[in-house]
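Some notes on the structure that comes next.
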Amino acid sequence: MPQPPEMLERNVESTAPAPEQPSEPAAESRRILIIESGSPGITRRALPHIQRNFPSALCDLCTCWPDSDLSGFQTLYRTSDDPGLLAKFRRVWGFRKRRYHVLAVICSGERVMKLWRALALLLLPCRKMIVNENADFFWLDWENRRAVWRFLGTRWNGIRTESLLTIVRLVALPFTLILLVGTALFYYTRRWRRLLFLPRYRHAAPPPSSSHSSPSDPSTSSPDYSGK
């Protein structure tokens, strides 16, 4: 019986096709689950290479894309059928009962099915295969630690930038809240001050006094001597 290859890998930094890899024994690769946590085009490019390495395997697909190409797959799982967190956990836990021998996960740097990807990698007791955006793939194990580190290195720049922005937002959040709360208190205090104290000032204000007498007052009008 041929021995399984130590690594199913094409260079993660190159898009050139890899040489033909020896296939796994059929007893060890009866079922493969592909988590399409990336663009559908990546799956279409990677599937022929996976099938060449596992010629007797049956492939199932878990996807969130409504227009995914279903040719070459035995079973289709759509994430829209499991919208809640508990439903996702139950679905992934149900994958254990199907006894998949290989889990292929698309890791293209896209924010697609991140929770599905993490749950599958943590809960499924099978061999894990990482597929990058170039449709290159390698085993996720200790023997391929160098490929894993190279792969993480290509992701580090994006992760570092996103982490820095997250830290800046967290630092600025308390000051933003203080500014908003202080502004709201200032305007509410000024409004209530006007409502409570301004009417008192209006009632307590004396009537306006005039320094000159009104001409219509008979007591202050000058006598009329025109008829005398």
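The values are calculated or read from the model by the stated rules, or taken from the named source; none is laboratory data. Only a predicted model underlies this, so the values are computations on that prediction, with no experimental measurement involved. Backbone-built Cβ (ideal geometry, glycine too); neighbour counts: all protein chains shown. Accessible surface areas use protein heavy atoms only, side chains included; no ligands, DNA or RNA. Shrake-Rupley method; radii C 1.70, N 1.55, O 1.52, S 1.80 Å.
Pairs under 7 Å by beta carbon, first residue among the hydroxyl-bearing types (Ser, Thr, Tyr) in region 96-113, partner part of a strand (DSSP E or B), six or more apart or different chains? From residues that are among the hydroxyl-bearing types (Ser, Thr, Tyr), the pairs are TYR100/ARG31; TYR100/ILE32; TYR100/LEU33. Whenever a residue of region 39-51 is among the basic types (Lys, Arg), its partners that are open to solvent by 40 Å² or more (accessible area, probe 1.4 Å), lying with C-beta atoms within less than 7 angstrom and at least six residues away or across chains, give the pairs ARG44/ASP69.
For the structure I just gave you, tell me whether GLY109 is modelled with pLDDT under 90 and touching a Gly at 6+ places or on another chain (Cβ under 9 Å). Here the answer is yes, as GLY109 does meet what is asked.
One line per residue, one yes/no per condition, for (1) at pLDDT below 85; (2) of a type in the set (D, E, K, R); (3) under 22 Å from CYS59 (Cβ atoms):
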{"residue": "ARG78", "(1), (2), (3)": "no, yes, yes"}
{"residue": "ARG99", "(1), (2), (3)": "no, yes, yes"}
{"residue": "ALA118", "(1), (2), (3)": "no, no, yes"}
{"residue": "VAL131", "(1), (2), (3)": "no, no, yes"}
{"residue": "ASN134", "(1), (2), (3)": "no, no, yes"}
{"residue": "ARG150", "(1), (2), (3)": "yes, yes, no"}
{"residue": "ARG155", "(1), (2), (3)": "yes, yes, no"}
{"residue": "GLY158", "(1), (2), (3)": "yes, no, no"}
{"residue": "THR161", "(1), (2), (3)": "yes, no, no"}
